[in-house]
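Participant: Structure below; questions to follow.
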Amino acid sequence: MQPTNTLHLGNYLGALKNWVKIQGEMPCLFCVVDMHAITADAGYGKPAELARATREVTAAYIAAGVDPKRTPIFNQGQVPEHGELAWVLNCVARLGWMDRMTQFKEKSGKHKERASVGLYTYPVLMAADILVYRATHVPVGEDQKQHLELARDIAAKFNNDYGVPDFFPQPEPVIMGPGTRVMSLRDGTKKMSKSDESDMSRINLTDDADTIANKIKRAKTDPLPLPASKDELKDRPEAENLLSIHAALSDQSLEASVAEFAGRQFSAFKPVLADLTVARLEPINKEMRRLLADPAEIDRILRDGARRARAIATPVMDEVKKTIGFIA
């Protein structure tokens, strides 16, 4: 996750909640991508804010249940192999591939010429983040699948160009659970976002209980009762979003949440959802505050995680250099 702005419910349900599960199923690495953060205005030119946000994201990882003793947690900037491999992969990737990346078009908007080169090549750095560990599975949101496909293309081209067919694996996306795509509380057709101008559009992991309850109470809805079946959610994005949040927080299917509240009014459903959300997020909020009170300990965790990550990345990068002909 990028250390830009405050993490929210969508980050928790779409990523953190699932990360906690998979850390016990396979060897994992969890990175705070501070190098990605400086590709856009939210992170560039704001050193104190970037450092603060990096610690906050790290605290959120741990508070949500990612165990730094079991799994390395580190910030990208402490592992120089990410940047080294990104340059090599920039020379492997083709301009035509980059021009097809939809997120650059969305983020640069009408002022493409003012966007940083880093924002344009962001997907190549993401490929390096993955391939420097020869990762086989990557938990991603739907909006990142195109970038993962690019990583696969780059890996295949490197392997083919240098005659090393099995050097980089073909990483597979891991998309899990009913709450993988949480939408805005103000517009059910838009993804919940850290960058949305309205703080009422999202539930931040730093929000207290009263703020969470107020945001859910004021969340946009339609005038109809809640549907009796999942099929009836069609063309009702706000209803689908709130029920999906309930399902994800309850660890049950969307169908089960729909059945539980079928025919009820939003006025009866929202207090239940608010209580559930507070119950799940308040312990995370409390633990984040405790961790952030000791920034030196967070920095120690990041340094230790970077050391363990480099133990994996350095041999891979050494082999890359040897393969392409760099003299060590």
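Participant: Among the residues of the range 201-220, count how many are surrounded by fewer than 16 Cβ atoms within 10 Å (Cβ to Cβ) and of a type in the set (S, T, Y).
Facilitator: Residues that pass the stated criteria total 1.
Participant: Every residue in the range 37-65 that is closer than 22 Å to K17 by Cβ, in a helix (DSSP H, G or I) and of a type outside the set (A, V, I, L, M), please.
Facilitator: T54, R55, E56, T58, Y61
Participant: Still on this model: Considering only the range 115-192, give the helices (runs of 4 or more DSSP H) lying wholly within it that have at least 2 residues that are closer than 20 Å to A313 by Cα and in the same structural domain as P315 (by TED's automatic domain parsing).
Facilitator: Hits in the range 115-192: 122-131, 145-161.
Participant: How do the pairs read when you match residues in the range 229-256 that are in contact (Cβ under 8 Å) with a residue 12 or more places away in the chain and at negative phi with residues anywhere that are polar (S, T, N, Q) and crowded, with 22+ Cβ neighbours inside 10 Å, using Cβ under 6 Å and keeping only pairs 6 or more apart or on different chains?
Facilitator: Sorted first by the residue in the range 229-256, then by its partner, the pairs are L243/S257; H246/S257; A247/S257; L254/S244.
Participant: Which is touching an Asp or Glu at 6+ places or on another chain (Cβ under 7 Å) and over 17 Å from A37 (Cβ atoms), of A93, A63?
Facilitator: Going through A93, A63 in turn, the sole match is A63.
Participant: On the given criteria, is L281 within 30 Å of T211 (Cβ to Cβ), at pLDDT 95 or above, in the same structural domain as E56 (by TED's automatic domain parsing) and buried (at least 17 other Cβ atoms within 10 Å of the Cβ)?
Facilitator: In short, no.
Participant: Another question about this same structure. Could you tell me whether S198 is hydroxyl-bearing (S, T, Y) and surrounded by fewer than 16 Cβ atoms within 10 Å (Cβ to Cβ)?
Facilitator: yes
To keep it simple, each residue is scored yes or no on (1) crowded, with 17+ Cβ neighbours inside 10 Å; (2) in the same structural domain as K234 (by TED's automatic domain parsing); (3) in contact with a strand residue (DSSP E or B) (Cβ under 7 Å, 6 or more places away or on another chain).
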| position | (1), (2), (3) |
| --- | --- |
| S257 | yes, yes, no |
| G263 | no, yes, no |
| F266 | yes, yes, no |
| K270 | yes, yes, no |
| R307 | no, no, no |
| E319 | no, no, no |
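Participant: Consider T189 carefully, then state whether it is among the hydroxyl-bearing types (S, T, Y), surrounded by fewer than 14 Cβ atoms within 10 Å (Cβ to Cβ) and either within 27 Å of V138 (Cα to Cα) or modelled with pLDDT of 95 or more (or both).
Facilitator: Yes.
Participant: Could you tell me whether any residue of the range 293-304 is buried (at least 18 other Cβ atoms within 10 Å of the Cβ), in contact (Cβ under 8 Å) with a residue 40 or more places away in the chain and farther than 17 Å from V66 by Cβ?
Facilitator: Scanning the range 293-304, I find no residue that is buried (at least 18 other Cβ atoms within 10 Å of the Cβ), in contact (Cβ under 8 Å) with a residue 40 or more places away in the chain and farther than 17 Å from V66 by Cβ, so the answer is no.
The values are calculated or read from the model by the stated rules, or taken from the named source; none is laboratory data. Being a predicted model, the structure only gives us computed values, none of them experimental. A quick note on method: Cβ atoms are made from the backbone with ideal geometry, for glycine too, and the neighbour counts reach across all protein chains shown.
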